[in-house]
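The structure appears right after this line, and notes come after that.
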Amino acid sequence: MTTHHVIGVLALFVSASIYAQDSGGIPQNQVKEKNAFVSHLMKEMTLDEKIGQLNLVSVGPDYTKEAIMADVRAGKVGGMFNTVTKPDIRRIQDQVQYSRLKIPLFYAYDVVHGQRTVFPISLGLAASWDLNAVATSARISAEETAADGLNMTFSPMVDITRDPRWGRVSEGFGEDTYLTSRMGAEMVKAYQNGDPSAPGSIMANVKHYALYGAVEGGRDYNTVDMSLTRMFNDYMPSYQAALAAGAGGVMVALNSVNGIPATSNVWLLQDILRKQWHFNGLTVSDHGAIGGLVKHGVAQDDRQAAMMALKAGVDMDMADNMYGKYLKGLLKDGLVTQQEIDRSVRHVLDAKWDMGLFADAYRHLGPASSDPADTNAESRLHRQQAREVARTSLVLLKNDKDTLPLQKKGTIALIGPLADSQRDIMGSWSAAGVAKQAVTVLKGMQDAIGDKATLLYERGANVTDDKDIVDYLNTYEQQVVPDKRTPQQMIDDAVKIADKSDVVVAVVGEAQGMAHEASSRSDISIPESQRNLLKALKATGKPLVIVLMNGRPLTLNWEAENADAMLETWFSGTEGGNAIADVLFGDYNPSGKLPMTFPRSVGQIPLYNSVLNTGRPFNPKKPEKYTSRYFDITNGPLYPFGFGLSYTQFSVSDITLSSTTLNAKGQLTASVMVKNTGKRAGATIVQLYLQDVTASISRPVKELKNFEKVELAPGEEKRVSFPIDEKQLRFYNTQLKWASEPGKFNVFIGLDSQDVQQSSFLLE
Ligand code: BGC
C-alpha cells in the first residue's frame, strides 16, 4: 500500500521513522531527506509533468470525474478539491498508478468550521474568546476530514474584517488583529497537530493573503487600498501568526492591494511572504484568480495572466488551468524561466511530502475495506463537543429584569423563520455537514423541557419577502423555501400562540446564505418581514426574547430597545439548537463576547474598536459640535467590541501595576481582582488593552493585547494578571520598522472594550 505507488528508486528516501512533534509545522529532522527526495524526483520529471503538478482541479459541469481521471493518468493534475468521500477520492488516487511517475495527488476542501460535525461559524468561535474551544473544533474537524481521506483544508480565514456589509465576515474571527491572530494560530496548530501527515491531521492553508477583509464598501471582491502602516500593524499580523504556527499553505486573495492584484503581486508573494517571513510552503491561487488578472486590467490575456501569476509566486492554479494551457509556450518563448516553474513544483512536492503522500499515496484513505459503511453515520459525529463549543460562542446582549434564563414551566411560544431551519443553523461553508443532522432551536428546546412545559411553535414570517433576494439566495441551491401563507396570515398565526403563552422566543436574523461569499448587504438590519413579525409579537405585551441567528453584526436598534432579552447565536452548527436551549434555560451560563463592533447604522461603517483618536475626538460625556461625529445619530456603537453579558455579575477592581516603569528587557504585570458578585457560577473574559499615548505615528486609542477567560463561583474572586513587556508595545513605523518608542502607555482592563479600568506606565 505504501512505497510501490512511488517510483521504486525514490522509495529509498522514504523514512518510516516516527516524526518529532515539537512544533505546529513540519518536523525539522525530515527537511534534508525531503529536499533530497524532491530534488531527485524533479530530475525525473518532464516539463509537462512539472506543469501538471501546478494544476489544482475540481469536478465541474465542464470537467467531469472521468476527464479528471484521464488527466491524472496523463500526469496533468497535482491536487484536487471538493471531492470529499473516501470512495470518490480513492477512485481518483487509483489512477495515479497508471501515470508515469506515480506522483500522488493531495485532496483539499473548505473545512472552515467543521467537516461532518459542524461547529459554530468562525465569527461565533471568535466570540467564545476561548482558545480551548477553538482548538477542540479544529482538532475534531481535522480528525473527521482525515477520516474522509482528505489532506488539506482551505482554512483558517484570518482576514481582519471591519465592515459588516461584507458577507464573508462570517468566515473570519472579526475585527481585531490580536484576537484573530490568536484564534488563527490555534486553529492551525489543532489542524496540523505537529505533523500534517499524522493520523487525524491535515495541512492548514491559511487565507486570503492579503487584506481580503478590507474590500471597499464591504462589497465582495472589491478593491483594497490601504496605508502601509495600517496594513502592517492591523491586517498582516494574523497571516504571519498563522504561518508562525506552522501553516503549510497560503491561499492568495482575489482582491488587489494598492492597485496590484494579490495574484500578481511580487511584493506580497516574494518580498514579504518568502523573504521577510521565510515562508517555505505552498501558495495556491483562489478560485479562477489567475484568469481574473485580465479583468483586473493588469494582464492583456490569459497567457500573460499565467505568466504574471507564476512569476509573482502563485504555485498552484485553482480551477482555471491557466498554467496547463500556457506555461509550456511561455517557457519556450523565454517569458518564464525553468527556475520559476521548478520553484513552484518544488513547493507542491514538498507539501505532498509533508502530508505524507510519498510515504503512502493512500495516506488517510487506507484500503477500501476501511471505508465507513455510511459516510453520514451518526457514529461519525462529535455531538457532545459541538454542543460544548457552541455554548461558549453565544453572546447575551440584553437581559432586562432577568427575563433569561427561562423556566421550564408554563407555556412558551417559539416563533420565527429560523427557529426550525436545519439548513440555516449550519451556517455557510458547512463543508460535508448534513443539514438533516442539525438540531434546531425547536428541537433543542423541546428536548430540554420534555413534558415540564408546553412549547408552541409558529414560523411567523419568511426570512424575507423580497422575491429578488429569495431568487438570489436560491441561485445554486434551494436554500430558502417561502411559506405558502401570506405574511399577514403567518403573523396572525404567530400572535395566536403568543397570546396563549407566558413568554415569546423569537428566532430571527439572516438565512445562512445571506452571510456568505458573494453576499454583501447594503442594509444590515433584520429583514422587514421579520421586523413586522417582531412588532406584532411586541404588541402582545408578552416578554419578548430575541434569539439572533446571523453571520455578521446587524443594526439592531429597534430590537435592542424592544426586546426584554436578546441572545446572539451566530450560526451555531450541528448541535446549535441544544446549545441555545442550554443557555435559554440556564443550564449553561453564557460568557461569549462580541468579536466585532455592532453599529447603530450602516452609515457609521467602518466602526471598530482600535481607532485612532483624531485631532478632534468626539467625547460622548461632553458632546461638542466641531468633533469627529455624526449629528443625526447617537455616536458610538450599539454594542462595542468585547461586549457580552452573563446571568451573573462581575466586578473588576482598580488596576494594580507591579511597576510604573518598564525598560526594554523588563516586564511588568497589570492585574485586577475580578469578583462574581451575582448568584450563579459563571465565566467572563477579562480583556487587556493598551494605548501608546504619544508616538511617531498616531496609535489606536485601545488595542487588545491579551485576554483571559475566568470562571468564578458566586462570591468568588480571583486576581487576573497580565504580563506586559516591550515587545507588546512595538508597532510598524513609517519606515516599516517594528519597534517600540519610549513614553507613556495607558493600560485598560475590563470586561468589554468600553467598560474598563485605567492606569498607565512609562516605557523608558
Ligand atoms: C473562495 C475561497 C475558497 C475557494 C475554494 C473561493 O471562491 O474565495 O475561500 O477556499 O473558493 O472553494
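The values are calculated or read from the model by the stated rules, or taken from the named source; none is laboratory data. Source: prediction; values computed, not measured. When we count neighbours, we look across all protein chains shown, and the Cβ atoms used for this are built from the backbone with ideal geometry, even at glycine. Note: areas computed on protein heavy atoms with side chains; ligands, DNA, RNA excluded. Shrake-Rupley method; radii C 1.70, N 1.55, O 1.52, S 1.80 Å.
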Task: Close pairs from the range 273-300: first open to solvent by less than 10 Å² (accessible area, probe 1.4 Å), partner within 15 Å of the ligand (Cβ to nearest atom) and among the basic types (Lys, Arg), Cβ under 9 Å, at least 6 apart - done: Val284/Lys207
TODO: Taking Asp582 as meeting all but one of (1) of a type in the set (D, E, K, R); (2) closer than 29 Å to Ile415 by Cβ; (3) at pLDDT below 95, write down the number of the exception.
DONE: (3)
TODO: Of the conditions (1) more than 14 Å from the ligand (Cβ to nearest atom); (2) in contact with a Ser or Thr (Cβ under 9 Å, 6 or more places away or on another chain); (3) open to solvent by less than 20 Å² (accessible area, probe 1.4 Å); (4) within 28 Å of Ile140 (Cα to Cα), Val206 clears all except one; give me its number.
DONE: (1)
Task: Matching option when the condition is within 25 Å of Asp130 (Cβ to Cβ) and not aliphatic (A, V, I, L, M), among Gln385, Gln446 - done: Gln385
Open item on the list: Within the range 168-181, does at least one residue satisfy the condition of being within 12 Å of the ligand (Cβ to nearest atom) and surrounded by fewer than 24 Cβ atoms within 10 Å (Cβ to Cβ)?
Closed with: no
TODO: Scan the range 689-700 residue by residue and report those that are assigned to a strand (DSSP E or B), touching a Gly at 6+ places or on another chain (Cβ under 9 Å) and not charged (D, E, K, R).
DONE: Tyr689
- [ ] Would you check if there is a residue in the range 314-323 being open to solvent by 30 Å² or more (accessible area, probe 1.4 Å) and of a type in the set (D, E, K, R)?
- [x] no
Open item on the list: Scan the range 77-85 and tell me whether some residue there is under 19 Å from Ala142 (Cβ atoms) and small (Gly, Ala, Ser).
Closed with: yes
Open item on the list: For the range 486-577, give me every one of the helices (runs of 4 or more DSSP H) that falls completely inside it and has 2 or more residues that are open to solvent by 20 Å² or more (accessible area, probe 1.4 Å) and of a type in the set (Asp, Glu).
Closed with: 487-499
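For (1) open to solvent by 10 Å² or more (accessible area, probe 1.4 Å); (2) more than 15 Å from the ligand (Cβ to nearest atom), each residue gets a yes or a no:
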position	(1), (2)
Asp110	yes, no
Gly124	no, yes
Ala127	no, yes
Ala142	no, yes
Asp148	no, yes
Pro156	no, no
Open item on the list: For the list (1) outside the structural domain of Ala579 (by TED's automatic domain parsing); (2) touching a Lys or Arg at 6+ places or on another chain (Cβ under 7 Å); (3) open to solvent by less than 10 Å² (accessible area, probe 1.4 Å), I need the number of the one condition that Tyr326 fails.
Closed with: (3)
Open item on the list: Please go through (1) within 19 Å of Pro156 (Cβ to Cβ); (2) away from the ligand (no atom under 16 Å from the Cβ) for Asn258 and return the number of the only condition it doesn't satisfy.
Closed with: (1)
Open item on the list: If I ask for residues that are farther than 29 Å from Val348 by Cβ, within 16 Å of the ligand (Cβ to nearest atom) and part of a helix (DSSP H, G or I), which ones from the range 214-252 would you list?
Closed with: Ala214, Gly218
